[in-house]
Structures are given as C-alpha cells and as structure tokens.
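Please see the structure below; I have some questions.
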Amino acid sequence: MKSRCIAALLFTAVLAVSCVSKPITISDDLTPAELIQRGQEASDRNRFSTALQYYAAVIERFPFDIDNILAAEYEIAFIHYKQKKYDIAKVEFNNILERYNTPDEELLPPSFKILSNMILGKIKEIEDRRNKIAPQSL
C-alpha cells in the first residue's frame, strides 16, 4: 500500500513538472519497454520533459509491473540528478531504496538498488564539496 502511495505521489509530481511544457501524445498500445526506450531516447537528447512524460505513462498504465515501475522511477530520479535538482533526486532515489526494505526485496531487480546508492553517493560528494567551499567564500 505504501509503495502505491509513493508511486501515486511520484506520478503526480512528474505530471505537474511535465505539464509545464507541451504535453505529448503517447500511443495507448506501447509496451512498458517501448515507453522506457522512448523516454531514454528523449533523455539522451536532453528532452527531459518528454522523457518524464514517457516514464509517467509507465507508472500510470502499468501499476503492477514493479520491474518497469522501478525502471521508470529510477530514470525520473536520474533526470533530476542530471538537471542538478539534487534535493528532488535524493528523495526519489531514497523512495526507490525504500522499496528494497521489504521481505519481497529478493523479487526486485538489484540493479536499481545498486545504481540508486551509487548516485546518492555522488550527490553526497557534490554536497560535501559545496559545503566545504561555501564557508571559505564568506
């Protein structure tokens, strides 16, 4: 139940962000893999709003496909990391990691746990560098 609430909140946040730019039309017959692929292609071209819309479609259309939901959630968090929206990305990566704190962890793909921890480590390094530099510049 908690993961559904998190997914719903995440979807709402992504939808709100993607509504800032022009909404795209996404065919109803696309599979989760096709949606994720199109999202990755858009992200590779720095068309982040478009990518977010594809990932949101995965979450909305396939609410019980945990593997693809994790993939979409990871990609959303990674976009925010690439955009240097570290506070948002941290929350999203931690939400992903929270999914692994259940007895069903063994059923989840381990890659998203590993990648989320790795990116959170990079964000911490960036924040530590910023905090180290900031007091000296005063």
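The values are calculated or read from the model by the stated rules, or taken from the named source; none is laboratory data. Only a predicted model underlies this, so the values are computations on that prediction, with no experimental measurement involved. Every residue, glycine as well, gets a Cβ built from its backbone with ideal geometry; the counts of neighbours run over all protein chains shown.
Give the residues of region 58-88 that are part of a helix (DSSP H, G or I) and of a type in the set (K, R), sorted by residue number. Step through it out loud before you land on a result.
At the first step, the residues of region 58-88 found to be part of a helix (DSSP H, G or I) are 58-61, 66-82, 86-88.
Those that are part of a helix (DSSP H, G or I) and of a type in the set (K, R): R61, K82.
Is region 85-97 home to any residue that is polar (S, T, N, Q) and under 21 Å from K124 (Cα atoms)? Outline the logic, then answer.
So the first thing to find is which residues in region 85-97 are polar (S, T, N, Q), and the list is 94-95.
Going one step further and asking which of them are under 21 Å from K124 (Cα atoms), we end up with 94-95.
Yes - at least one qualifying residue is present in region 85-97.
Mind listing whichever residues of region 29-64 are in contact (Cβ under 8 Å) with a residue 12 or more places away in the chain and either in contact with a Pro (Cβ under 6 Å, 6 or more places away or on another chain) or of a type in the set (D, E) (or both)? Even if it seems obvious, please write down each step before you answer.
Taking region 29-64 first, the residues in contact (Cβ under 8 Å) with a residue 12 or more places away in the chain are 30, 32-33, 35-36, 38-40, 42-43, 48-63.
Once the filter is applied, which keeps residues that are in contact (Cβ under 8 Å) with a residue 12 or more places away in the chain and either in contact with a Pro (Cβ under 6 Å, 6 or more places away or on another chain) or of a type in the set (D, E) (or both), region 29-64 yields V58, E60, F62.
Now for a different question. So for region 124-134 (the condition being within 19 Å of G39 (Cα to Cα) and either β-branched (V, I, T) or at pLDDT below 95 (or both)), does at least one residue qualify? Before the answer, list the steps.
Residues of region 124-134 within 19 Å of G39 (Cα to Cα): none.
Checking region 124-134: not a single residue is within 19 Å of G39 (Cα to Cα) and either β-branched (V, I, T) or at pLDDT below 95 (or both).
Among the listed residues I96, I59, I76, identify the single one that is of a type in the set (A, V, I, L, M, F, W, C), over 17 Å from Q37 (Cα atoms) and buried (at least 17 other Cβ atoms within 10 Å of the Cβ).
On the way: I59 fails: over 17 Å from Q37 (Cα atoms); I76 fails: over 17 Å from Q37 (Cα atoms).
The unique qualifying residue is I96.
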